[in-house]
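Remarks on the structure that follows.
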């Protein structure tokens, strides 16, 4: 069994959001995203894959389609396949999220 301590893996970079891979298979991936104040994942879409953002710590400003909302620790958001989505940390504290995506997009997708 593969078990990871998510809190011990979290790390933040001054220049950009950090993506830390936790689990990766041919069918899905699960990463930890770590964002300092002002950092973001630009809005983008995956035509054939769903993504879930689950906030572990902090507050995320999340865009899915035309909607933008504040999501806090313990809350999850679904970005269905084909929808424009992205995250920003506009809060004063660091932001840590679990990110799940399936099916896993092809490299560069």
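Within segment 9-44, which residues are out of contact with any strand residue (DSSP E or B) (no Cβ under 7 Å at 6 or more places or on another chain) and surrounded by fewer than 16 Cβ atoms within 10 Å (Cβ to Cβ)?
Quick first cut of segment 9-44, residues out of contact with any strand residue (DSSP E or B) (no Cβ under 7 Å at 6 or more places or on another chain) only: 13-16, 24-26, 36-39.
13, 14, 15, 16, 24, 25, 26, 37, 38, listed by residue number.
Which members of segment 1-37 meet the condition of being within 24 Å of residue 83 (Cβ to Cβ) and in a loop (DSSP other than H, G, I, E, B)?
Selection gives 16, 17, 25, 26, 27, 28.
Read through the list (1) over 14 Å from residue 101 (Cα atoms); (2) modelled with pLDDT of 95 or more, then give the number of the only condition that residue 8 fails.
Every listed condition holds for residue 8 apart from (2).
I'd like the residue in segment 45-83 that is in contact (Cβ under 8 Å) with a residue 24 or more places away in the chain and more than 19 Å from residue 29 (Cα to Cα) and, out of all such residues, is surrounded by the most Cβ atoms within 10 Å (Cβ to Cβ).
First, pick out the residues of segment 45-83 that are in contact (Cβ under 8 Å) with a residue 24 or more places away in the chain: 45-63, 76-83.
Imposing the further condition that a residue be more than 19 Å from residue 29 (Cα to Cα) reduces the set to 57-63.
On the way: 57: 16, 58: 19, 59: 17, 60: 26, 61: 16, 62: 21, 63: 20.
Ranking the qualifying residues of segment 45-83, first place goes to 60.
The values are calculated or read from the model by the stated rules, or taken from the named source; none is laboratory data. Computed from a prediction, not measured in an experiment: that's the story for all the values here. All Cβ positions, glycine included, derive from the backbone under ideal geometry; neighbour counts span all protein chains shown.
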